[in-house]
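These notes are about the structure you will find just below.
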Amino acid sequence: MSAAFPFSAIVGQDELKLALTVAAIDPGIGGLLVFGDRGTGKSTAVRALAALLPKMRAVEGCPYSCDPDGDLAACPYCSIHKEARTRTRQAAVPVVDLPLGATEDRVVGALDLERALTRGEKAFEPGLLARANRGFLYIDEVNLLEDHLVDLLIDVAASGENVVEREGLSVRHPARFSLIGSGNPEEGELRPQLLDRFGLSIEVKTPTDLETRVEVVKRRDLFERDRAAFVEKWKAADAKLRARIVAARKRLPDIAVADAALKRVAELCMKLGTDGLRGEITLIRAARALAALDGDASVGDTHIRRLAPSVLRHRLRRNPLDDTGSSVRVERAISELFSA
C-alpha cells in the first residue's frame, strides 16, 4: 500500500484541515462537504487525515471492524462468534470510496452468490457501508450521485445501521462512518435532504498567490520523487498532531458549554435565519471539539467564530434581495454579533 501524503505537509487549506481534524475528534458532528475547484487536494487531505489517525482496535475476523469494547450484540458476526471479543487486531482507519456508478448491491451488500451456488447456503456479502464502519465514506462528485443512493445514505447516516432485506436475507449491521463528500458546484447542486446531513461544509479555492502555488507544487514533486523520505521528514509534525487529537478525544466529555455560549450560537443562527435547530446543535458540538483540541476547559467566542462558517454556510436560505455568497453572509453576521 503506497504511503499517503502527510497531513501536516498540506500547504494552506487551513479551514479544510481544521474541519477534518474537528470531525475526527467527534465523528458525531456529521461529516464534511468539500466544494471547490478540481485539483485542490480535497481527496488528498481526507486520505492524509485517515493515515494520520491512530490505529483502532477491532475484532479479529469481523468484516465490520467492530470495537471489542463496544456493543457487539448489534453485529451479525460478533453476536454469533461470542468468543471473538478475545481476539483483536490493530486496524487502520478505513477510507472507502463510493464510486458514482456503484450499484446498490455493492453499496449495501448482497447475497454471496459463490456460497449460494457451491454450497447452497444463503450468506451475506458485506458492501462498502460495512467496510466504512468506524471510518470515512468518501464520495467524489457527490452532487452527481444517483437519487436512490442519496436516499439510502440519508437513512444509514441517520441511524448508524445498514438494513438489508432481499433474496431471502434479512441482515442488520453497524454502519457508523463520517461521510465526506466533495464536488464542483458548477456541475450541479446537492439535494437539500443530503446537504443537511453534512455537519460541516468547506469551500476550497485554487491558491491565488505565487508563493503558495510554488510551495504546493514543490512539496508534491518531492513526495512523488521519494515518498519514504518525504513522509519521514513530516513524521514528527504528524505525530504531534496525532497526540493532540488523541488528547482532545479524552478531554471532550469534560468540556463545559456555558449558557452564554449557547445564547451566542442561538443568536447567530436566528440572525442568519437557519431552518431548524441542527445548526445550533452542530455548532456547539464542533466548538466543543475545537476547545478540546486547543486544551481549553470550556467553549468560548473564539471557538464559535472559527467554526461558524463551516457549520452554517450550507444551511442558509437563499435571499433574493442579497446576492452575496453564503460565506460572506455568515462572516458579516459574525462580525455584527460578536462586535456588539
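The values are calculated or read from the model by the stated rules, or taken from the named source; none is laboratory data. Being a predicted model, the structure only gives us computed values, none of them experimental. Every residue, glycine as well, gets a Cβ built from its backbone with ideal geometry; the counts of neighbours run over all protein chains shown. For accessibility, only protein heavy atoms count, side chains too; no ligands or nucleic acids. Shrake-Rupley method; radii C 1.70, N 1.55, O 1.52, S 1.80 Å.
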Taking H placed 1.01 Å from N in the peptide plane, check which residues at least 5 places from Leu33 or on another chain put their amide H under 5 Å from its amide H.
-> Gly181, Leu200, Ser201, Ile202
Relative to the compact-globule scaling 2.2 N^0.38 Å, provide the ratio for the alpha-carbon radius of gyration of segment 244-340.
-> 1.11
Ordering of 21-29, 326-334, 181-189 by packing [mean C-beta count within 10 Å, highest first] = 21-29, 326-334, 181-189
Violations at 25 Å Cα threshold for listed pairs Lys42/Lys233; Lys17/Lys240; Lys42/Lys271; Lys205/Lys263 -> Lys42/Lys271; Lys205/Lys263
Amide H neighbours of Ser298 under 5 Å, at least 5 residues apart or on other chains, H built in the peptide plane: list them.
-> Ala256
Rounded to whole Å and sorted largest first, what semi-axes of the equivalent ellipsoid does the C-alpha gyration tensor of segment 129-286 yield via the square root of 5 times each eigenvalue?
-> 31, 26, 21
For segment 269-285, in order, what is each residue's ³J(HN,Hα) by Karplus, 6.51 cos²θ - 1.76 cosθ + 1.60 with θ = phi - 60°, in whole Hz (x at glycine and Pro)?
-> 5, 5, 5, 8, x, 5, 7, x, 10, 5, x, 4, 4, 5, 5, 5, 4
Calculated over segment 139-211: convex hull of Cα atoms, volume per residue (Å³) = 119 Å³
Quick one: among Arg176, Arg306, Arg87, which has the greatest mean-square fluctuation in a GNM of the chain with alpha-carbon springs under 10 angstrom?
-> Arg87
In segment 142-255 the accessible area split gives carbon plus sulfur, as whole percent at 1.4 Å, a share of 51 percent
For the chain, Rg(Cα) over 2.2 N^0.38 Å is 1.05
Å² of accessible area per residue within the chain, as computed with a 1.4 Å probe and no ligands counted = 51 Å²
The helix 42-52 Cα axis meets the longest alpha-carbon principal axis of the chain at an angle in degrees, between 0 and 90 and rounded to 10, of 70 degrees
What are the residues whose amide H is under 5 Å from the amide H of Leu111, where those residues sit 5 or more places off or on another chain and H is modelled from the backbone?
-> Glu125
